[in-house]
Structures are given as C-alpha cells and as structure tokens.
Amino acid sequence: MRSNDIRETFLKYFENYHHQRVKSSSLIPAADPTLLFTNAGMVQFKDAFLGVQLPSYRRATTCQKCVRAGGKHNDLENVGFTVRHHTFFEMLGNFSFGDYFKKEAIAFAWELVTRSYAIPKDRLWITVFQKDDEAFELWKATGVPTNRIIRLGEKDNFWAMGETGPCGPCTEIHYDWGNEHGCQRPDCNPGCACGTRFLEIWNLVFMQFNKDANGTTSALPKPSVDTGAGLERLCSVLQGVYSNYDTDLFRPIIAEVERKTQLRYGQQVDNDISMRVIADHIRAGTFLISDGVTPTNEGRGYVLRRILRRAIRHGKKLGQTKPFLFELVGKVIELLGDVYSDISKNKKIIEVVIREEEDRFHETLDRGMGILEAHIKDAKKSGKNSLAGEVAFKLYDTYGFPLDLITVICKENTLEVDEKGFNSQMEKQRNRSQWERASGAIVEQISKVLANQQIKTSFLGYETLTAEGHLIHLFSEQGSPVDILKVGESGYAVLDKTVFYAESGGQVGDVGTLCSEKGKATVQTTFKVGSTSVHKISVDAGRIEANRLFALQINPSVRQLTAVNHTATHLLHAALRKVLGDRVKQAGSLVEPTRLRFDFTFPRALTREEIARVEALVNEEVSADSEVSVEEMAFEQATQTGALAFFGEKYGDRVRVVRVGKSNEPFSVELCGGTHLSRTSQVGAFKIITESSIASGVRRIEAITGKLAIEHLCSREGLLKDIEQLLGTHGPAAAEKISQLLSENKALKQQNEKLQLQGARLGKETSQSPLWERAITIKDLKVVAEKIPNIDPKLLRSLVDQVRDKIRNRTVVCLGTESEGKAALVVGLSKDLVGQYDASQLVRSIAGKVGGTGGGRGDFAQAGGTKPEGLMEALDDFKNLLK
C-alpha cells in the first residue's frame, strides 16, 4: 500500500464518520510562544482542548506536518542511527472536542486498522493506563485477548498538556514484528525494555481530567479525544519493511543520494547512517524553509542550521566536497508536493536558501576545522579531557559550527565539550529584554486561568473607537489572578467587550484608556489568548477592580497612523509581487504607528531600479484614491478567489478579506484581521528607507508613510542643497564632482599608505635595515616585536603580512602603534605555528598593558586600548612570554 493511499485512507475513513478534514497547520505554531515547532497533530487545536476557542466543528481529522528537533521533544541526535527516529514526520489524527469519547475512539481505531488497512489482528497488542478499567474493557469487547492488553504506568500511558490543565489516560496500538526481533523472551510485550519487537503505531489520548496547581485532578465537563498515528510507522507495517527508511517515503531520496555519491545503501554501516541522515534532514529542511524558517544562530533558525549542517557534514563523509543537498529538494517535492502544495510553490527559494547555507558552511568548515583540530591537539598534549567552553563558543559564534557538530568531532577524538562554559558564553552574548523572556510564561499562566471558561471577547473596534465593557478577569504583572490593582501598579485586564485591537498579523496592539467611577488605567498594548483579548494596563488614578463596568477609549491618532501603515504594507506586498514575481512570499511584518517593516523571501538584494519601481507602484495606487474594502467570507471561498494567506497566521472558518482597488481587477487581495483605511489616498505618501538581508533568502524593507515620509524627503532635499552649495555646482554635475573628489582622495590615500609602509619597514633612519631583517631569535622562533611610529593602525596588518612573507617559517610578529591617543597592537603567526601557538591568546595576554582587550583568529589577532604609554611594556612582555 503506497504512502499516499495510506494517508488518504485514514482521512477519508474519518470524513465518512462526519469528521471535518482540516488542513495541516504551519510548522511554526501560531500565537504559541511555548513551542519551537509544531510537534503533534493537536497543536493547532490547543485552544479548543483548553476550552479557550472552540471551532465550528466537533470532530476533526488531519495529517499534520511535525518537527521534533529542538526543545523538550528533540530527536535530532538519534536520526540516522535508528530505523524510527526523524526530525520531520507526518502525524495522522482524529479529534473530538466534547463529542465522542473512549468507546467510539477505540471502535474507530480498531475498524480502521483491522479492516481498512487489513493488519492481522493477531499481530496487534494494546497498552492502557494501569487504572483505566474502562479502556481495558472496551478493548476486550472488540475481541482483543486479555493477554495482549497490557497495563502500564503513568510514564507510558498518561498524557498531560503541561504541569496544570487538561490531562488523561491514553491507550496505544502496537504492531508485533515477531520473535526474530527483540529480546526473544517468551514474556516479551510492548512494555518490555528491549523496545525493538513491538512498534507503537497509534496513540489515543483521552482528555478527561483537569489538573490544578496542587496536583489535584477533577473531571472535565466535556472530555475530548486526541489521537496520533505516525504515517512513517504505518507505512513500514503496511509495506512490510522493518525500517521506516525502506518505505516509499524515503527510499527514492536515498536512491538519489546513491546516484550522486556512487555508493550503495546497505553495504557499509557508516555510509548507511549518513544516507539516512541526509534523507531525513532534506525533508525537514525543505518543509521548514517553505514555512518561513531561515538559517540563523538563534531559535528556530538555529535548529534549521543544525539540521542542514549535520546533513552537509554527513555528505562530506560520503565524499561530497561541493554543495549537493539543494539538488535533493526536487525529489522531496516529487514525493510530497501534491499533498503539500506550498513546497512546490516555494521550490526556488528553498533551493537558494539551502545552497547558500552549503556554500557558507563549506567555507567555515575549512577555516574552522584547522582551529578546532589545533585546540584538540593542544588539549590532548596537555592531558585535558575536554574542550574549553570558550573555544567551543568561538567556533560557534565566529565560524558557525553548531555545538552538536563540535561535540561529535570532539567525541571522535575522545574529548568532551565544556557545555557549561559554552552556555555561560552564550548567556553573556544574549541581549533579550525581560519582557521577551517572561512573556511566554505569563501568557501561559493567564491561558490556564481562562481555560474551560470559554471566554470570547467581542471585538467592536472595526466599527467604533469607544464602548463599554465589563472587566471579568484581572491579573497582576506576573500573571496571577487579583481583584484590585492600585495606582502605580501594572497588570492585565480581560473584558467581555473591547474596542482595542489585539496584536496579531504583525500589527501592534491598540493603546488607550479604561475608566470607571473608581479609577483610570492606560492600556499599553493588547494581545490575544485564544479568542480572549488581554489588555496590558498601568493604573493612573484610583484603582481598577474586577467585575465593574468600564468606559473604553482608543487613542484615535495612534489607531489612524497604524491603519495607514497597515494598508501601505498590503500595497507594498502587492507591488513587490508585481515587480519581482510570485516567488515573493511574506516572511514576517511589523506595523506600528511610526513605521512599517516587511520581510519577504527573495534570493538577492533589490536593485535601485527595482526599489524605485516598487515605490512608484505604491504611490500610484495612493494617488489613485482606490477603495479599500473589507468582506467576510468562508476561508475556502476566500482562498479560491485568490486572496493571499500566510503561514504562521491562524485563520478561523470565516475570514476577513481586505481588497484594494477595483473588484474585477484589484491591486491587492489578502486575508487580514487588521485595521485599515477606507481609501488609499489617506496613506498620503510612501517612502522605502532601507532594504537589507536578515537571513539566507530573506529580505527586509522598512518604510514610512504620510507626514513622516514627506518630512524625510524634505530633509534629504535640504541635505542635497547643502552638498551642492559646498561643491559649488548643481544637479548631475554635483555627482560627477563628488566622484572626481573621491577618486583623487583614493589616489592620495594610497600614496600616503605606500609612504607610511615604506617608512615603517625602514625605520626612522633611511640607513636602517628593513623590518624583517631586524628579527630576533627566541628559542627556535624568529620574532619581530616593535613599536611603529606615525602609521595608520589599519596598515599594521599589511606590515605583518610582509614580514611573514619574507621570513616564512616559524615567524612571530607583534607590532604596536599610537594613533589619536589610543594604542593598537597586532600579532601574526606563520602558518606552521598555528596549533602550537594562538595569536588571539597571545594578544590578549599583553592587551592589559595598554588598557584594553583583544582577540581574533589562531594566525592573526589584534587589540586596542586607551593607554598608549604602555606599548613598550606590552612589547617587552610579549618577548618574555615567548621565552
């Protein structure tokens, strides 16, 4: 049975039992700061299970894209070494939101597995929670022998969403591969520690309890069902192969790797591991990039970088010295593009991002490997059993080596890595605000309080800027429920009605005031928890009490300016697609009152002409005074009309469609819940300020509108007039004059540098010998350590290179100079000394004498300081250090 048939059979089966087929959500969880990636089918229904936001349907079925490669659920290190672990996988599932429960769920699962999939009943075993007698009896009633129903403890068969909240027992269906696998003991069963004979193919979770902060569980009024069946595992059973990698989901990719490497899968263990790693990781990379993740050194981007670089390194083990991974994207799309159309649409950008990462990593590997090998050699020579955390962090930060790669290479050399030291360096580098670190926990805490109360804030802010609403929940600044907030205190307020737009879709939350007869508070921002609007407030007068009626007032000027920038963002997006093509895809946005920021996928920098065309298109639409209309319709109907929808955004059954321009030929059509203008002319003017790269294959445009755009243009015009006045010329002639002056300045600068270098080489007296002939011998080293007067510090590097080129082997150079009241030092080593000595360590050892710090590479490093009077002492210390 082919994987496509297995997937469709599952979804069709549940559709026949009145389940809504729901499209897979993005791998980037929408509005959920607690998760790095979507790692299970229930993630997109989390608010439904919490009772915060219920969908229009009560039964659902999905095939969900999932990644487990970071955070709590991290299978990355096991991938390739086992036949089951994956970073990317598909999870089939059926869900009940207070509709059916254990009896129906078990009956559905058994019928689908034994009839639709025709898996022999005598190959199936069941596990249940040890205290769940109901599930035991239901399985028994289906005909499963009691000796094949195994009771297990809380660790194996009890599921919880978190420390508090919905939880319940689960039951699992296992496939028996037979006596030839596992420990071969007669009492081997799914609870056996051998773990290789029985394969879990489906997990049915029964959410029937709610756990409070004290650990006490109480029955939920409407129990729910959440099930998950790994497609890859089902394929291995139904295709009769023990390894997931032998199924039709992976074998074609492995065959492509075989073709490129001229190696055969199944002939050599290490090669097989590498081929499995590549086959798995190219799937994960393809889907993550398609969903908007790009390689970076933080968060999701860092996980993607680790995945890609791990695959690249295994490619090197198979003899691939040039980029090859990007060429496998087409095979993934060939296998899965019909099911997940976005990877087909984004093929070009996926290939570009992976190719760029391959090029970058090949460069850093070549540079960084020499440094890592030198440190490994030094550690072994000195009898150490670990690599210093500072060294590991430098390799990570400067050369882009993922920590896991450093760990693997060290392990191959019988060394450990000081991860504690590495993490300490990482923490020093981070510069995140306290709110960013705490916001996720606060939102989660508020979410738990609101769970099961099904509070849905009525949003009136599309029609009015003022209203009245009852304050039904009040929270402290830390997220704990309170009854009162006093003057000077901050916290969070939940009302039954609001006019404040909650932050989403890139648009910041509304600001304004809450007033009652008892007090007044400023609304600093507004955000969503499920379908509930939460207002961050600070009390200005009196006190704010729960269960009171409040007058709500939005700051009208801030709302208007935000709407201007939001409508302008839609115009910008449409203009980019018209100028650059449909491969432009939104990768993020920020809409504030004073500016807008738009991130989009594109493989290169925009030319000046392209930026000008984009600006012109937007301003033409502004001048046209086009209508901005909003219409609400079903999600499917909206996408069929061509409205753009974006991954990372969470859409309900009904959506708002924002259309700019004529109905029959609109300039822009997008799904959007934000606030907008009524006519494009209200934008006034549009000006792009910057266009830059923020990650591989992702560009960022920042722009301003209205009065700020006009002020910016006036300021630039004033600056231009000042320049023209200084030059004594106007218009195009001014540009020509500047070009001429720059050319003359460059020639004079080169001449000056040449004279400086010549003087530095010869010294103060023309009769003095060249710098390299003044080397002294320390042990077996040729050492040049001198203070060079009257030279630009930037030229010291050139002097070091000249000395190394002349002397060649076993050369150490340390030069210093004073410039503008500051000291500069450089240290350089000939290539044969890298590994025995470290230039960065040497320069740091003497930098204190000039009141500064330094660093660099193993062969060249530099330092600066505020005490030039210490230069001679630093140079003397350098020579003594070598002795």
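List of remarks:
- Largest-first ellipsoid semi-axes for segment 1-157, taking √(5λ) over the Cα gyration tensor eigenvalues, angstrom: 26, 21, 18
- Heavy-atom accessible area for Asp483, with the other protein chains in place and a 1.4 Å probe, reaches approximately 110 Å².
- For peptides 617-624, 12-19, sequence by mean Cβ density within 10 Å, most packed first: 617-624, 12-19
- Counting 0.36 nm for each residue step from Asp397 to Asn809 and taking away their Cα separation leaves a gain of 145.3 nm.
- Estimated FRET transfer efficiency (Arg716, Asn413; beta-carbon r; R0 45 Å; 0.05): 0.20
- Under the simplified labelling scheme, the Asp876-Gln560 pair shows an inter-label distance of 7.2 nm, with each label point 7 Å from Cα along Cα→Cβ.
- Ranked by how many other beta carbons lie within 10 Å on average, peptides 484-497, 107-120 from highest: 484-497, 107-120
- Heavy-atom SASA rank of Met426, Met1 (probe 1.4 Å, accessible area, largest first): Met1, Met426
- Segment 591-666: proportion of alpha-carbon pairs further apart than 19 angstrom, %: 56 percent
- What separates the Cα centres of segment 351-419 and segment 228-282 is a distance of 28 Å.
- Placing R0 at 45 angstrom, the Cβ-Cβ distance between Leu755 and Ser693 gives a FRET efficiency of 0.70 after rounding to 0.05.
- Two-decimal ratio, segment 477-590, of alpha-carbon radius of gyration to 2.2 N^0.38 Å: 1.32
- Those residues of segment 843-859 whose amide nitrogen sits under 18 Å from the label point placed on Lys831, 7 Å along Cα→Cβ: 857-859
- Computed label-point distance, nm, for sites Lys883 and Ser424 using a 7 Å Cα→Cβ extension: 3.3 nm
- Neighbours of Ile409 by Cβ distance under 11 Å: Lys/Arg scored +1, Asp/Glu scored -1, total -1.
- Fraction in percent of alpha-carbon pairs per bin - 20 Å, the chain: 12, 35, 36, 16, 2, 0
- Among the listed pairs Lys46/Lys448; Lys380/Lys849; Lys260/Lys316; Lys65/Lys345; Lys782/Lys822; Lys456/Lys528, a Cα-Cα separation exceeding 21 Å is found for Lys380/Lys849; Lys782/Lys822.
- Segment 320-379 - Kirkwood radius from inverse mean 1/r over Cα pairs (Å): 13.5 Å
- By average C-beta atoms within 10 angstrom, highest first, the peptides 274-286, 404-416, 311-323, 378-390: 274-286, 311-323, 404-416, 378-390
- Using the Cβ-Cβ distance between Ala733 and Asp801 with R0 set to 56 Å, the FRET efficiency from 1/(1 + (r/R0)^6) comes to roughly 0.85.
- Counting only Cβ charges, +1 for Lys and Arg and -1 for Asp and Glu, the dipole size of segment 31-153 around its Cα centre is about 220 debye.
- Within the accessible area of segment 579-719 (1.4 Å probe), percent carbon and sulfur: 47 percent
- Here the sum of -39500 (n - 2.57) over DSSP H runs of 4 or more residues, divided by the residues of the chain, equals -12000 deg cm²/dmol at 222 nm, to the nearest 500.
- Summing Lys and Arg as +1 and Asp and Glu as -1 over all other residues whose Cβ lies under 13 Å from the Cβ of Ala624 gives a net charge of -3.
- Other residues within the sphere of radius under 14 Å centred on the Cβ of Asp496, judged by their own Cβ, net out at +2 (K and R +1, D and E -1).
- Looking at the chain, the DSSP beta bridges with both ends there are about 85 percent antiparallel.
- Remark: spin-label model distance Ser458-Lys140 equals 5.2 nm, labels positioned 7 Å along the Cα→Cβ axis.
- Rg(Cα) / (2.2 N^0.38 Å) computed for segment 100-165, rounded to two decimals: 1.20
The values are calculated or read from the model by the stated rules, or taken from the named source; none is laboratory data. Predicted, not measured: the structure shown is a model, and the values here were computed from it. Backbone-built Cβ (ideal geometry, glycine too); neighbour counts: all protein chains shown. When the accessible area is computed, the model is the full protein with side chains, heavy atoms only, and any ligands, DNA or RNA have been set aside. Shrake-Rupley method; radii C 1.70, N 1.55, O 1.52, S 1.80 Å.
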